[in-house]
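The values are calculated or read from the model by the stated rules, or taken from the named source; none is laboratory data. These numbers were taken from a predicted model, which means no experiment stands behind them. Cβ: placed from backbone, ideal geometry, glycine included. Neighbour counts: every protein chain shown. Heads up: the accessible areas ignore ligands, DNA and RNA and are worked out on the full protein's heavy atoms, side chains in. Shrake-Rupley method; radii C 1.70, N 1.55, O 1.52, S 1.80 Å.
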Amino acid sequence: MTADASRGAQAPPELVQLLTPEGERVEHPDYDIDLTPEEVRSLYRDLALVRRVDLEAVALQRQGELGIWASLLGQEAAQIGSGRALTDADMAFPTYREHGVAWCRDVDPLKLLGLFRGVNHGGWDPKEHNFHLYTIVIGSQTLHAVGYAMGIQRDDATAATIAYFGDGATSQGDVNEAFIWASVFNAPIVFFCQNNQWAISEPLERQTRIPLYRRASGFGFPGVRVDGNDVFACLAVTRQALKNAREGQGPTLVEAYTYRMGAHTTTDDPTRYRVASELEAWKLKDPIERVKAYLFKNEHADQAFFDSIDAEADQLGADLRRRCLAMPDPRPLDIFDHVYSEPHPLIDEERAQFAAYLEGFES
Amino acid sequence: MTVMSLSKALNEGMRKAMEDDPKVLIMGEDVGKLGGVFRVTDGLQKDFGEDRVIDTPLAESGIIGTAIGLALRGYRPVCEIQFDGFVFPAADQIITQLAKMPMRSLGAIKLPVVVRIPCGGGIGAVEHHSESPEAYFTHTAGLRVVACSNPADAYSMIQQAIRSDDPVVFFEPKRRYWEKADIDTSTGDWWTPFDKGRVVRPGTDATLIAYGPMVKTCLEAATAAEDDGRSLEVIDLRSLNPLDQPLVMESASRTGRVVVVHEAPVNNGFGAELAARITERCFYRLEAPVLRVGGFSTPYPPSKLEEHYLPDLDRVLDAVDRAFGY
Ligand SMILES: Cc1ncc(C[n+]2csc(CCOP(=O)(O)OP(=O)(O)O)c2C)c(N)n1
Ligand SMILES: [Mg+2]
């Protein structure tokens, strides 16, 4: 009683790829990208540094400094490629795993740790970065992104929104409603689905019988599947989709075909539901290694460059750790802050009561 | 007698129900191979197959909506909502359909659907993983709403919930999943009906009423109060709808002082219903107004602050003190 869809490390024919896992530049009839060596080195730096932030966060969780962490391991190219395609005026709506996109939007990684450390529920001002708060409830943010895009339309602004979500999220009613709204109102939005093959323990076949990008046609807008481990292709495809959105051509669904190389979160144990060989196959398609190979092969970077990035990553990791440990705990009365934008008598009453109660312990 | 954790007790209870009735199905996100994020359905798919233990697509409205359809076809679906905060996408199906369809059919339709919800805080989780949404469901007529507090009840109540011809919203105190107790699985003679409450510690001076995760907290408070020379009775409500009014009123009339404790916000929480009913029925027997201890009128805070938000022994005893101050 189960539909079987093909899945795995084999790149399907419809995949947009510009850089092979071996680091070879390849052509695609519809997409191209012209990057200077400097730009490629910069992308490499992004990829390497966000992986390092992620590793440090996993380590901090293991040591009890974070409650939980959702690792982006394996999805760096999808996030950096799409994140670097954004202009300052574009607005991004992330899930809880978009640490690489946050990096591109200049959100201090420490701010991401705050949420997972349990210091706050968000902690950055979305307007300051045009990067919305993380959303944990699967799929909700896709509707917010469409609404925001409808606002852009009404403001006659030259900008687009991008909504991030996973393969599992495509089953949610909210996501399907977002597709319908975006389509009907021709909203300037890119739906960026990172198909990392898994929704916790459930493989893609539990969510779909057809490749996800093909769902778009049923909703009336284009869909494209891109090699999610190819930062060039992710950049090129997202850039084009955003441009189309800004120019009034409406939504695009981008399915970034990738792999969740780590556990779902630090509390998850993937050995219970997937075979190790799958990970091994995907390791050969590592998003960072192929850029490194490309840079080496074309002599756009030497060992000294890679060493300097490693040193920068070490520095970043150490600095992040230090600042994480120094993060002040919230104060008990903070519980009552910002619940409403305007004064609220019940909140005031409870705050005062709780303050008095706490004082009782001091005396 | 077998020693079991609360989560294992639920697992064994569901296993028993599945053995007894081939129409019982398990459905939800990650309930199959993974056995659920709390392992409550561990091993069930292996033993009963993918047709009876169904890993569903990631959509809560879909889980409950299709469970209703399966129930219309004679099945008895037991749905797992992965965390309390994720029941809301299914709220429409639960409130507008599941709760009302039997009545609309003039009794022709029965919907024996169980909606299992791990609830409450105290595990250091991120947003939406520590909620206590029971009042939304007790406010909805047509749903039985129960909460287990210990392994033995978990084992018996889940089986009774599955056997019930009514839809049941079944709350599981997630921070108590790992607590263990001895359970007699050989007979059902010891089972308390799942729509009845129970006095879990007799006392004479005041009554603490709780359910789910707060029962343990109240028992600890009662032990501590003993040192102050106060004898506190603790009631584990077990069922919120229906409410075991005779049990509650008898205790309230006898002790004259009642403190209701739950994790959910006090404001418009289930304690408000209890306080009102006790006041209506026992007004002349009360020495003090019914007091409530619970969450603040704020969203559930980040985990570094949850110890302040959640009622603990001190907050319960503080309320008891106030009850004696009248
Ligand atoms: C509405 C809702 N239901 C359930 C969950 C629990 N949950 C958290 S992540 C997840 C799987 C998400 O899979 P996918 O959309 O593929 O994203 P990924 O985690 O793979 O990045 C689930 C079921 C949730 N956060 N929200
Ligand atoms: Mg996924």
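Test B:Asp30 against the stated conditions and say whether it is buried (at least 24 other Cβ atoms within 10 Å of the Cβ) and among the acidic types (Asp, Glu). Talk me through it step by step, then tell me what you get.
Details: buried (at least 24 other Cβ atoms within 10 Å of the Cβ): yes; among the acidic types (Asp, Glu): yes.
Criteria met by B:Asp30.
Can you go through A:Tyr148, A:Tyr134 and tell me which one is away from ligand 1 (no atom under 16 Å from the Cβ), aromatic (Phe, Trp, Tyr) and modelled with pLDDT of 95 or more? Show your work before the answer.
Working: A:Tyr134 fails: away from ligand 1 (no atom under 16 Å from the Cβ).
Just one listed residue meets the conditions, A:Tyr148.
In the set A:Ala159, A:Ala216, which member is open to solvent by less than 40 Å² (accessible area, probe 1.4 Å), touching an Asp or Glu at 6+ places or on another chain (Cβ under 6 Å), in contact (Cβ under 8 Å) with a residue 12 or more places away in the chain and away from ligand 2 (no atom under 16 Å from the Cβ)?
Details: A:Ala216 fails: touching an Asp or Glu at 6+ places or on another chain (Cβ under 6 Å).
After applying the criteria, what remains is A:Ala159.
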What are the residues in region A:119-136 that are hydrophobic (A, V, I, L, M, F, W, C) and within 18 Å of A:Val339 (Cβ to Cβ), if any? A:Val119, A:Leu133
Boolean, B:Glu179 is within 14 Å of chain A (Cβ to nearest Cβ) and open to solvent by 30 Å² or more (accessible area, probe 1.4 Å): no
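Considering each of A:Val107, A:Val137, A:Val146, A:Val101 in turn, give the residue that is within 16 Å of ligand 2 (Cβ to nearest atom) and in contact with a strand residue (DSSP E or B) (Cβ under 7 Å, 6 or more places away or on another chain).
That would be A:Val101, the only listed residue that is within 16 Å of ligand 2 (Cβ to nearest atom) and in contact with a strand residue (DSSP E or B) (Cβ under 7 Å, 6 or more places away or on another chain).
Taking the stated definitions as given, is A:Glu177 open to solvent by 10 Å² or more (accessible area, probe 1.4 Å) and within 13 Å of ligand 2 (Cβ to nearest atom)? Walk me through it before giving the result.
On the way: open to solvent by 10 Å² or more (accessible area, probe 1.4 Å): yes; within 13 Å of ligand 2 (Cβ to nearest atom): no.
Taking the combined requirement at face value, the residue does not satisfy it.
This table checks each residue for (1) of a type in the set (S, T, N, Q); (2) outside the structural domain of A:Val254 (by TED's automatic domain parsing); (3) more than 25 Å from A:Asp230 (Cβ to Cβ).
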| site | (1), (2), (3) |
| --- | --- |
| A:Tyr164 | no, no, no |
| A:Ala182 | no, no, yes |
| A:Asn186 | yes, no, yes |
| A:Asn196 | yes, no, no |
| A:Arg209 | no, no, yes |
| A:Arg215 | no, no, no |
Yes/no for B:Ser164 being in the same structural domain as B:Val78 (by TED's automatic domain parsing), among the polar types (S, T, N, Q) and surrounded by fewer than 24 Cβ atoms within 10 Å (Cβ to Cβ): yes
Take A:Val254 and tell me if it is within 16 Å of ligand 1 (Cβ to nearest atom), more than 14 Å from chain B (Cβ to nearest Cβ) and closer than 29 Å to A:Val40 by Cβ. yes
Residue count, region A:185-213, condition within 15 Å of ligand 2 (Cβ to nearest atom), hydrophobic (A, V, I, L, M, F, W, C) and open to solvent by 20 Å² or more (accessible area, probe 1.4 Å), comes to 1
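Counting only residues that are of a type in the set (A, V, I, L, M) and within 10 Å of ligand 1 (Cβ to nearest atom), which one in region A:188-211 is farthest from B:Glu29 (Cα to Cα)? Full working, then the answer.
Going residue by residue through region A:188-211, those that are of a type in the set (A, V, I, L, M) are A:189-190, A:199-200, A:204, A:210.
Checking which are within 10 Å of ligand 1 (Cβ to nearest atom) leaves us with A:199-200, A:204.
Values: A:Ala199: 9, A:Ile200: 9, A:Leu204: 13 Å.
Checking each candidate, the answer is A:Leu204.
Please pick out the residue among A:Leu72, A:Leu49 that is among the hydrophobic types (A, V, I, L, M, F, W, C), out of contact with any Asp or Glu (no Cβ under 6 Å at 6 or more places or on another chain) and at pLDDT 95 or above. If you could, list the steps in order and put the result at the bottom.
Details: A:Leu72 fails: out of contact with any Asp or Glu (no Cβ under 6 Å at 6 or more places or on another chain).
After ruling out the rest, the residue left standing is A:Leu49.
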Surrounded by fewer than 23 Cβ atoms within 10 Å (Cβ to Cβ), modelled with pLDDT of 95 or more and within 22 Å of the chain's Cα centre (by Cα): is that true of A:Lys283 in this structure? yes
Tally up the residues in region B:2-26 that are crowded, with 20+ Cβ neighbours inside 10 Å and either within 12 Å of chain A (Cβ to nearest Cβ) or among the polar types (S, T, N, Q) (or both), please. 2
All positions within region B:124-142 that are crowded, with 23+ Cβ neighbours inside 10 Å and away from chain A (no Cβ under 14 Å): B:Ser132, B:Glu134, B:Phe137
